[in-house]
Amino acid sequence: MVSESPTPEIHVSWRALDSLAPGQQGAVVALRGPEAVTTKLAEAGFVPGALITLVRRAPLGSPLEVAVDGARFTLRAEDASAVLLHDAR
């Protein structure tokens, strides 16, 4: 059985990374989902406070190319939905 990390209470102004449009940014607030996914994301730099920019989305919606504090990664939309953001204004 895969252990899942506790689901944080979602604040009204938070949104999942997969909901961004290309060019939009957000700062990581929390990760949610299976531990295997959240651990890999955290190791890649998806940690609270990290600035995320959605660079582009594949024509069918997945994968997504994202920049994390300047480094670029490609994520499945399903994994991107595990990253909760708030507006980086």
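Exactly one residue among R89, R72 is loosely packed, with under 13 Cβ neighbours inside 10 Å, more than 11 Å from the chain's Cα centre (by Cα) and at pLDDT 95 or above, and that residue is R72.
Residues in the range 24-67 that are surrounded by 14 or more Cβ atoms within 10 Å (Cβ to Cβ), out of contact with any helix residue (DSSP H, G or I) (no Cβ under 8 Å at 6 or more places or on another chain) and among the polar types (S, T, N, Q): Q24, Q25, T38, T53. Checking each residue in the range 46-81 for being hydrophobic (A, V, I, L, M, F, W, C) and either out of contact with any Asp or Glu (no Cβ under 9 Å at 6 or more places or on another chain) or under 12 Å from Q25 (Cα atoms) (or both) picks out F46, V47, A50, L51, I52, L54, V55, L60, V66, A67, V68, A71. Tallying residues that are surrounded by 15 or more Cβ atoms within 10 Å (Cβ to Cβ) and either more than 14 Å from the chain's Cα centre (by Cα) or modelled with pLDDT of 95 or more (or both) within the range 1-15 yields 1. Restricting the first member to the range 68-89 and to residues that are on the phi < 0 side of the Ramachandran plot, and the second to residues that are outside any strand (DSSP E or B) and among the basic types (K, R), the beta-carbon pairs closer than 7 Å and six or more apart or on different chains are A82/R32; L84/R32.
Residues in the range 58-85 that are closer than 22 Å to E35 by Cα, among the small types (G, A, S) and in a loop (DSSP other than H, G, I, E, B): S62, S81, A82.
The values are calculated or read from the model by the stated rules, or taken from the named source; none is laboratory data. Fair warning: this is a prediction, and the values are worked out from it, not measured in the lab. Note that we place each Cβ from the backbone using ideal geometry, even for glycine, and neighbour counts take in every protein chain shown.
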